[in-house]
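In what follows, a structure is listed as structure tokens, so that the remarks can point back to it.
The values are calculated or read from the model by the stated rules, or taken from the named source; none is laboratory data. Predicted model, so just to flag it, every value in this text is computed and none were measured. We place every Cβ from the backbone using ideal geometry, glycine too, and count neighbours over all the protein chains shown. Remember, those area values only see protein heavy atoms, side chains included, never the ligands or the DNA or RNA. Shrake-Rupley method; radii C 1.70, N 1.55, O 1.52, S 1.80 Å.
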Amino acid sequence: DLYNKLFQYQKDGIEHVIKHFDGRALIADDMGLGKTLQALSFLTWIGKIKEGKRKHLLIIAPVVLLENWKNEYYRFMEPIFGSFYELHGKGLNNLKTNDLGKVLNTTNKVDIKIKEAAEKIIGSGGKLLDLQELSSPEVVLTTYETARDYQISLGLVNWDVVTLDEGQKIKTPNAMITTAIKALKYNFALVLTGTPIENSWVDLWSIIDFAQPGHLGDLKQFSKKYQHPLKKE
């Protein structure tokens, strides 16, 4: 029903994402053209084609857009996925723990470096997240800052789809937010950005490096092949 209410250019965006479902996708256009609705349509499509199979969907957005995502989610997606978990504010505090067993509560073998990092955080009085509770809801909505601060916990979940709203937040290659986001485990990435023409070449490389890892080579290769020659011109 939502799809039928969209403009044709929005339908084109959704079809573009579906076409690249075996890889990664980027929706980059001017602000206010309905990227959130396109993302929601795509996620509901996933819910329908994989009906009966449990999914783990992570949506990362700036704090100021959380309310918009909440409203749109309950308007269009709740019938398919049920209630989502808001990993922010009270929801974030409820999952904090210093119990290493809850942090690493996984059937998969945990990398020794991750375990050591988790032990170091807890040993210094820090908190991580209860992995079982974090993995329970099908949809988790959080912020870039939370993804940065709790990258170990979020990185232990095998996400089916990670959606980034305002994807220019990861435009700086070596920023802590960028490295935390790129360290997540996910089968499919969807990036939304409303400022594509305002970014530098390196900014664009960093965003696309998440949407299509390795497609443009590493930053050194990209700079040598594209950025430096373009600057000379």
- Of the candidate values (1) 18.3, 57; (2) 21.9, 70; (3) 20.9, 66, the one computed for Rg and Dmax of the Cα atoms in Å from this structure is (1)
- Note on the structure: Per DSSP, the loop-located GluC sites (Glu not before Pro) within segment 2-104 having at most 13 other beta carbons within 10 Å are Glu51
- Query: Counting Lys and Arg as +1 and Asp and Glu as -1, what is the net charge of the other residues whose Cβ lies under 11 Å from the Cβ of Leu131?
  - Reply: -2
- Does segment 1-50 come out rounded, prolate or oblate, given a ≥ b ≥ c as the square roots of the eigenvalues of its C-alpha gyration tensor, rounded meaning a/c under 1.5 and, failing that, prolate meaning a/b above b/c? oblate
- Taking the Cβ of Gly217 as the center, what net charge do the other residues with Cβ under 11 Å away carry, scoring Lys and Arg +1 and Asp and Glu -1? +1
- Within the under-12-Å Cβ sphere about Tyr226, not counting Tyr226, Lys/Arg +1 and Asp/Glu -1 give a net charge of +4
- Task: May I ask you to derive the relative contact order of the chain, considering only C-alpha pairs under 8 Å and at least 6 residues apart, and to give it as an integer percent?
- Result: 26
- Phi-derived 3J(HN,Hα) across segment 33-40 with the Karplus relation (6.51, -1.76, 1.60, θ = phi - 60°), rounded Hz, x for Gly and Pro, is 9, x, 5, 4, 5, 5, 5, 4
- When ligands, DNA and RNA are left out and all protein chains stay put, how many square angstrom of accessible area per residue does segment 35-79 have with a 1.4 Å probe? 48
- Task: In debye, nearest 20, what is the charge dipole magnitude of the chain about its Cα centre with +1 on Lys and Arg Cβ and -1 on Asp and Glu Cβ, if you could check?
- Result: 580
- Item | Fraction of antiparallel bridges per DSSP, the chain only, in percent to nearest 5 | 10
- Task: Specify the inter-centroid distance of segment 160-213 and segment 2-56, based on alpha-carbon positions, in whole Å.
- Result: 17
- Task: Could you list the trypsin sites (Lys or Arg not before Pro) in segment 29-120 that lie in coil according to DSSP, counting only those with at most 15 other Cβ atoms within 10 Å of their Cβ?
- Result: Lys50, Lys53, Arg54, Lys109
- With -39,500 (n - 2.57) per DSSP H segment of 4 or more residues and division by the full residue count of the chain, the 222 nm estimate, nearest 500 deg cm²/dmol, is -12000 deg cm²/dmol
